[in-house]
1. Is it the case, given these coordinates, that B:I9 is touching a strand residue (DSSP E or B) at 6+ places or on another chain (Cβ under 6 Å) and free of Cβ contacts under 8 Å to residues at least 60 places away in the same chain?
2. Determine, yes or no, whether A:L266 is hydrophobic (A, V, I, L, M, F, W, C), more than 27 Å from the chain's Cα centre (by Cα) and more than 7 Å from chain B (Cβ to nearest Cβ).
3. Which pairs have Cβ atoms under 8 Å, sit 6 or more apart or on different chains, and link a residue in segment A:148-167 that is basic (K, R) to one that is at pLDDT below 95 and part of a loop (DSSP other than H, G, I, E, B)?
4. Taking interchain pairs and intrachain pairs at least six residues apart, which have beta carbon atoms under 6 angstrom, with the first residue in segment B:253-280 and on the phi < 0 side of the Ramachandran plot and the second crowded, with 19+ Cβ neighbours inside 10 Å and of a type in the set (S, T, N, Q)?
5. All but one of (1) surrounded by 21 or more Cβ atoms within 10 Å (Cβ to Cβ); (2) part of a helix (DSSP H, G or I) hold for B:A62, so report the exception by its number.
6. Does any residue of segment B:191-209 turn out to be hydroxyl-bearing (S, T, Y) and either in the same structural domain as B:E47 (by TED's automatic domain parsing) or buried (at least 20 other Cβ atoms within 10 Å of the Cβ) (or both)?
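The values are calculated or read from the model by the stated rules, or taken from the named source; none is laboratory data. Please read these numbers as outputs of a predicted model, since none were measured by experiment. Here the Cβ is made from the backbone with ideal geometry for all residues, glycine too, and neighbour counts use every protein chain on show.
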Number of protein chains: 2
Amino acid sequence: MIQLKSVAIVGVGLIGGSIGLALQHHKIAERVIGIGRDRCRLRKAYEVGAVTETATWDDELAGGLAGAEFVVVCTPVDSVPEQVRQAARHAPRGTLITDIGSTKRTIVEALAGHLPNDCRFVGSHPLAGSEKTGVLHADRYLLAGRVVIITPTPDTAPSDADRVAAFWQALGAKVLSMTAAEHDRAAALTSHLPHALAVALAAGLPDQMRDLAGSGFRDTTRVAAGDPEMWRQIFIDNREDLLESIGLFRELLDRLAAAIGEGHELELKDLLTLAKKNRDALGS
Amino acid sequence: MIQLKSVAIVGVGLIGGSIGLALQHHKIAERVIGIGRDRCRLRKAYEVGAVTETATWDDELAGGLAGAEFVVVCTPVDSVPEQVRQAARHAPRGTLITDIGSTKRTIVEALAGHLPNDCRFVGSHPLAGSEKTGVLHADRYLLAGRVVIITPTPDTAPSDADRVAAFWQALGAKVLSMTAAEHDRAAALTSHLPHALAVALAAGLPDQMRDLAGSGFRDTTRVAAGDPEMWRQIFIDNREDLLESIGLFRELLDRLAAAIGEGHELELKDLLTLAKKNRDALGS
């Protein structure tokens, strides 16, 4: 069982806050330092008990990171590489740093090679988002039973990968390891594509039909309530894999539409049955 | 407040069973007669308390409908017209009959004109489905706060439409009235399209990626676990409106894909923001 004196969380929103709550609940870390740009949000994180102390990114970074044994960067994907590098400059020599970004290739490639101060980075992606944002929705059990993908590179020391894996396991997660490229391809299909579909579906709902949108429409579009800026960054960052996934989806939708339009009832029933089989296998 | 001695429910599954439970819970009907083809399912409906007595469709229809003041046909859309006509033959003279089919134009057109035995039909569609099926998932509150669309025609007596509306209102639902054609166009966009997208998305999930499908994928594909035969009938019955909705969706998905592929970040942000606004307006 991993035991840490001090963990720094850069960006204490839904996931950063949930990590902070879980670290304390499971008694994994004595100190949890929340670091961020916005004093008000940091105060909120402290008030809900997600962190035991706070430091602002611009003025108090060095102090906040002074005793950190482990740093988790929980900010939108575009900011991650620069924030990891900055954190490495101020953290104790050799500190291990991870992130929670929904895309991994750009981040991992940007951080290849040596970090300042002998720090090391291993990318992570907990599959535990929600359309909700902000530390007020943080939940100590958010990661319990969820999958966290870690993306070590050939240059990653196995002991570093193991330690990052042990960190997530201590929070109750199940860890899978793959390359950043494998991650991004899978995430395009399992997360970014559903998000894109939900966005296109929700964007096309005329106001006057709002009353008619039942639980099916609500479920199917739920993720579209997510933060637009966060998702803009994810879509752009993973655009090649996402466009390929959209292409595969279009082919299936075309098959479905053709079966409907041409009255191919067997083909239609086959697609509906395959979809049900796949969905049932995921559980509720 | 509507008060009935006896309501017959033809097809006691998720929705039929929920209606039966609610009728008794709100003390709207003294007797609730469950009618169906399968003795085992009817027994289950009786055991969970969804109905107070049962009758088989093939042998006991006349007896089951003998005292019915109100009949609700809750079977898949293809069977509705013939079952309404059969029910009219055996129900007391002038009995009011409704249904719960997810498509309305074909049903309402098939039942235009006089029914046997001076019975009258007004179409209904409660927006209260679920991917679950069967009376074991029935819930006395399934209709509470939900919208039920009724589709009277120019030939419908206003008092009949009012009585059907009052029936649904007594179960806690909010009733909207529109033409069957308006209903089908709206349902294509708000229900059949999301279902088609969920089906194409779930059908395209490779088995080896199952572990990576997080809550976003699950929400977006939830409805794809619905009954394939029920949805085959709905898709075929409403194919023209559904194909038009799929076309509108394709245009939005193409715009989104173009914004991603060509790096039009403002356009992309606009679409994400519009989707969030529309989704937020629906509530959780």
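1. no
2. So A:L266 fits the description; yes.
3. Close Cβ pairs (under 8 Å, with a partner that is at pLDDT below 95 and part of a loop (DSSP other than H, G, I, E, B)) amount to A:R163/A:I2.
4. What qualifies is B:R279/A:T221.
5. (1)
6. Filtering segment B:191-209 for residues hydroxyl-bearing (S, T, Y) gives B:191.
Pick out the ones that are also either in the same structural domain as B:E47 (by TED's automatic domain parsing) or buried (at least 20 other Cβ atoms within 10 Å of the Cβ) (or both) and you get B:191.
Within segment B:191-209, one or more residues are hydroxyl-bearing (S, T, Y) and either in the same structural domain as B:E47 (by TED's automatic domain parsing) or buried (at least 20 other Cβ atoms within 10 Å of the Cβ) (or both).
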